[in-house]
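Read the structure below first, then the notes.
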Amino acid sequence: MNHVAAGLLDSFYSRCNALDGFWALGMLYREVQEAPYLVTLDLLARTATPAGPGADSIAARYADFLGKALSKKYSGPRI
């Protein structure tokens, strides 16, 4: 599970994490300019709080990423 979490985190803060040609973290920053300056991404529900076009897209993208990573890690035979 640590490998899945590390992969998710590395992908999230990477400079290659683009959304519509812009750095995804920059888009989140732009959407959260009021206190409490916090974004929550619920990957199981595929939602973001506060909701915004960038945050919602990022939540959906990383929900897909997490689902694929978990499927890949746990789809093989167990010993």
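Throughout, read-outs are computed from the coordinates displayed, never taken from laboratory work. None of these values were measured; they are calculated from a predicted model. For neighbour counting, all protein chains shown are included, and Cβ atoms are generated from backbone atoms with ideal geometry for every residue, glycine included.
A few points about this structure:
- The set of residues from segment 28-79 being surrounded by fewer than 13 Cβ atoms within 10 Å (Cβ to Cβ), more than 20 Å from Ala5 (Cα to Cα) and of a type in the set (A, V, I, L, M, F, W, C) comprises Ala35, Leu38, Ala51, Ile79.
- Residue tally, condition under 11 Å from the mean Cα position of the chain (by Cα) and among the aromatic types (Phe, Trp, Tyr), over segment 2-55: 2
- Scanning segment 27-54 for residues that are more than 24 Å from Gly67 (Cβ to Cβ) and polar (S, T, N, Q) turns up just one, Gln33.
- Scope segment 4-24; condition touching a helix residue (DSSP H, G or I) at 6+ places or on another chain (Cβ under 8 Å) and in a helix (DSSP H, G or I); matching residues: Val4, Gly7, Leu8, Ser11, Phe12, Tyr13, Ala24
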